Protein chains: 2
Amino acid sequence: MPRAKTTPQKSAADDAECCVPNPSTGRGRARTVGSYAVLCKALADETRLEILVMLAERTGTLCACEIEAHFDLSQPTISHHLRILREAGLVRVERRGTWNHYTLERQTVAKLAALAALLST
Amino acid sequence: MPRAKTTPQKSAADDAECCVPNPSTGRGRARTVGSYAVLCKALADETRLEILVMLAERTGTLCACEIEAHFDLSQPTISHHLRILREAGLVRVERRGTWNHYTLERQTVAKLAALAALLST
DNA sequence: GTACTGGATCGACGTTTATCAATCCAGCGT
DNA sequence: ACGCTGGATTGATAAACGTCGATCCAGTAC
């Protein structure tokens, strides 16, 4: 606990405080963070990041089978990653007949940029 | 891998292709991703995100004791999170006497913006 | 109808992660 | 020298995560 207030003398270092007095502690928007946590969690995997880069490189859509062909992972694993990306709002799926076409949800990517901006303030 | 690609030839479905022909198998540059994965992993925790927001709100530094006082977590847990943030290059620590002062490493935050830009291409 | 195929879901297994209590280390003060 | 204090390190534990094989479901083609 920051108990350094008991001796306010200017003994050796007057500013030997542990930190700045910490006023009002801007506790305000440090609570909106949960929304970004799920987003970052979805991005915190190399496979998922690579999928997103694949989608970003192609402006069009990409079907799941092609995504799957790009990795040495099993089909359930890719399906699992796509599910996480979908639930995070990072990709959108469109069923065309039997095949699923995925597109990047750039609106959610913008949220990542918003986080970067929030931390640059 | 029994699910090997059978390369759906034009059996009967003329244009019912699963996706665009997929030429050149763009396997190229989707490899830079590993660098971003560690960054996102460090961000993929609510506590760590909140610490970063605290640091971003204050332009100055923040000592570990004050960070610890903000959470209901034990001291080793906070120390663990700070370690991960440090190893990810997101914060820089400066030992002043007994206390450790942390500052946000905005250069690394810029890397997050770079990822957002990469995905917006 | 049956047969086939793209994809999701279900268990299960091994690894990683967040958390804690206990301990250890390094400065500071008397 | 001591004691005290801020922080890091060390196990240990429980939850979450990534991966797979097996299975199931929904379209399509025959």
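How do the peptides B:44-55, A:71-82 rank, highest first, by the average count of neighbouring beta carbon atoms within 10 Å per residue? Intermediate values should be presented prior to the final figure.
Details: B:44-55: 21.2, A:71-82: 14.2.
In descending order of packing, they fall as B:44-55, A:71-82.
Could you sort A:Thr32, A:Thr61 by their accessible area in this structure, using a 1.4 Å probe and putting the largest first?
Descending accessible area places them as A:Thr32, A:Thr61.
Quick check for you: which residues of the range A:39-56 have the amide N under 20 Å from the point 7 Å beyond the Cα of B:Leu73 toward its beta carbon?
Residues passing the 20 Å test: A:39-45.
I'd like the accessible area for A:Glu94: 1.4 Å probe, protein heavy atoms, all chains in place, Å² to the nearest 10.
The value for A:Glu94 is about 80 Å².
Between copies, how far apart are the A:Ala110 label points? List them in nm, one decimal, shortest first, with each point 7 Å from Cα toward Cβ, please?
Inter-copy label distances (nm, one decimal, shortest first): 2.5.
Compute for chains B and A the buried accessible surface, both sides summed, probe 1.4 Å, and express it in Å² to the nearest 100. Show your work: numbers first, answer last.
Working: alone 9350 and 9100 Å², together 13940 Å².
Using a 1.4 Å probe, the pair buries roughly 4500 Å².
State the percentage of accessible surface on the range B:34-120 attributable to carbon and sulfur atoms; use a 1.4 Å probe and exclude ligands, DNA and RNA. Can you show the working numbers first?
Values: 1940 of 3950 Å².
Looking at the range B:34-120 in its full context, I get 49 percent from C and S.
Short version: which residues of the range B:79-110 lose at least 50 Å² of accessible area, all chains versus chain alone, 1.4 Å probe?
Flagged in the range B:79-110: B:Trp99, B:Val109.
With charges set only on the Cβ (+1 for Lys and Arg, -1 for Asp and Glu), what does the dipole of the range B:34-120 come to about its Cα centre, in debye to the nearest 20?
Details: 10 positive and 10 negative charges, 80 e Å.
So the dipole magnitude of the range B:34-120 works out to roughly 380 debye.
In nm, to one decimal, how far is the A:Ser35 label point from the B:Arg95 one, both placed 7 Å along Cα→Cβ?
4.1 nm
The values are calculated or read from the model by the stated rules, or taken from the named source; none is laboratory data. Predicted, not measured: the structure shown is a model, and the values here were computed from it. Cβ: placed from backbone, ideal geometry, glycine included. Neighbour counts: every protein chain shown. Keep in mind that these areas ignore ligands, DNA and RNA; they rest on the heavy atoms of the full protein, side chains included. Shrake-Rupley method; radii C 1.70, N 1.55, O 1.52, S 1.80 Å.
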